[in-house]
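Have a look at the structure below, then the notes.
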Amino acid sequence: MEEEKGYRSDPDAAGGGSPAGAGIGVLELGTYCGYSTLLIAQALPPGGRLLTVERDPRTAAVAEKLIRLAGFDEHMVELIVGSSEEVIPCLRTQYQLSRADLVLLIHRPRCYLRDLQLLEAHALLPAGATVLADHVLFPGAPRFLQYAKSCGRYRCRLYHTGLPDFPAIKDGIAQLTYAGPG
Ligand SMILES: C[S@@+](CC[C@H](N)C(=O)[O-])C[C@H]1O[C@@H](n2cnc3c(N)ncnc32)[C@H](O)[C@@H]1O
C-alpha cells in the first residue's frame, strides 16, 4: 500500500468511474447529522446523485432538515434511514442506484469489510470506482485493509491523519480504486 501524509484534495477521487463525472453516483454510509453529506453535495457535478445512509432515525431526522435547508432536493441527495447491511442489497431495485462511482465508508470501521463485499456482490462498483474509508487506523479496520491490499482488485493508498484534540493518536483514510471483478 502506498502511503501519503496529510489530507489532499484529489479531484480524481470523485467520478473516477464515470466519464467526465456525468451522472455520477455517490454513496455515503454514515450520515450522522449530515456534515460530510453537505460537503459532498456541494461538490457534485450536474446530474450527480448522492445517497447517504444513516441507521439512527434521530440523527437522520436532523440531517434531513439540514440537507433540505441547504437547498438540495431528494433527486440530488437522498437520505436513507436504515443499516448499511440492509440497505446495500436494495440500492439497485428500491433506490435506482446502478453504480456507485464514489463510496464513503464513515459509519463503523468493523463493518467496512462486510459492506465492501456487499457492494461487490451486488455489482455496484464500476471499474475505476473510488472507495474512501475513514478511521482505518483508529479505531481501525485491519481486516478491511488486509482484504483491500491482498485481493488484487484494488489499488490502495493510505493518507495519515490525526485527531485534532489527541495528537498522539494516529489515524488514516484509505483510498481504494476498484479495478473490476477480475
Ligand atoms: C462518525 S459518524 C458519521 C459522521 C458524518 N459523516 C459527519 O460528517 O458528521 C457515524 C454514523 O454512522 C452511523 N452508523 C453506524 N453504523 C451504521 C450502519 N451499519 N449503517 C448506517 N449507519 C451507521 C452512526 O449512527 C453514526 O451516525
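Please treat every number below as a calculation from the coordinates, not as lab data. Note that the structure is a prediction, hence the values are computed from the model and not measured. Cβ: placed from backbone, ideal geometry, glycine included. Neighbour counts: every protein chain shown.
See the values below:
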| quantity | calculated |
| --- | --- |
| Residue within segment 162-175 that is surrounded by 13 or more Cβ atoms within 10 Å (Cβ to Cβ), out of contact with any helix residue (DSSP H, G or I) (no Cβ under 8 Å at 6 or more places or on another chain), touching a residue at least 12 places away in the same chain (Cβ under 8 Å) and not aromatic (Phe, Trp, Tyr) present | no |
| Hits in segment 121-140 - residues which are farther than 30 Å from residue 166 by Cβ and either crowded, with 23+ Cβ neighbours inside 10 Å or in contact with an Asp or Glu (Cβ under 8 Å, 6 or more places away or on another chain) (or both) | 125, 126, 128, 129 |
| All positions within segment 31-79 that are near the ligand (Cβ under 8 Å from one of its atoms) and surrounded by fewer than 20 Cβ atoms within 10 Å (Cβ to Cβ) | 32, 33, 35, 36, 39, 55, 56, 59 |
